[in-house]
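Derivation of every value follows stated rules applied to the coordinates shown; laboratory data play no part. Computed from a prediction, not measured in an experiment: that's the story for all the values here. Here Cβ is always computed from backbone atoms with ideal geometry, including for glycine, and neighbour counts include all displayed protein chains.
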Amino acid sequence: MLFKIILYFGLDILFYYLMVNSDSLSTFYLFYFLMGLSVLLTAFNISHDAAHGVAVKSKFWNNILFQLSFNLQGNNAYVWGKSHNESHHLYTNIEGSDIDVLNNPLVRTTDSQPLKGYHRFQHIYAPLLYLFYSLNWFLFRETLMMFRISSRTIKIDIPTIEVIKLFFFKL
């Protein structure tokens, strides 16, 4: 796990550095794309495990990894942790309750969702759509949650310090 932590944070930093120091638009977008992939790897392999307290043995370091990895991505660790644990893990794949299957007409994740013709190709386009998931979260989802403008199943009371952190890390 230590190797993965160093590798993924290292890739995040490397691709960010290469992106902001690129000398052409094409290399900027190449490194932007690669940074997006490395951030997804960080989120799935470090952030998520740290949020559940299993990335490392220490509760303290799990919390540091969780806060650092989410907040440096411009997302708020508190908001994500609350919504993930109180919606997704309590109601996994239950439409109308799981935060991760709501408002997603392009990808069918449960048998109760209407089956559309294009869903037979979702194994092709869903991975590409997922690359935009973090932008959706970053730009809309948690900001709407903060102002209680959301169709989500849970309401999150966000402490003032978390609102400040949310705006600070987005900037």
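Mean Kyte-Doolittle of at least -0.5 and a Cα length of 24 Å or more along the axis: which whole DSSP H helices of the chain meet both? Helix filter hits for the chain: 2-20, 25-42. Strictly greater than 25 Å: what percent of every Cα pair in region 42-171 meets that? That fraction is 29 percent.
Within a straight-line Cα-Cα reach of under 28 Å, Lys4 can be paired with the following lysines, leaving aside sequence neighbours fewer than 8 residues apart in one chain: Lys57, Lys59, Lys82, Lys165, Lys170. Temperature 4 °C, viscosity 1.567 mPa s: under these conditions the Stokes-Einstein estimate for region 31-90, based on its Kirkwood radius over C-alpha pairs, is 111 µm² per second.
Note on the chain: with charges restricted to the Cβ of Lys and Arg (+1) and Asp and Glu (-1), its dipole about the Cα centre is near 120 debye. Ordering Gly117, Val163, Ser83 by Cα displacement along the dipole of region 77-170 toward the positive end leaves Gly117 in first place; charges were set at the Cβ atoms of Lys, Arg (+1) and Asp, Glu (-1).
Contact order for region 77-170, expressed relative to its length and based on alpha carbon pairs under 8 Å spaced 6+ residues apart, stands at 28 percent.
When all alpha carbon pairs of region 1-102 are counted in 5 Å bins from zero, the resulting P(r) reads 2, 13, 19, 19, 17, 13, 10, 5, 2, 0 %.
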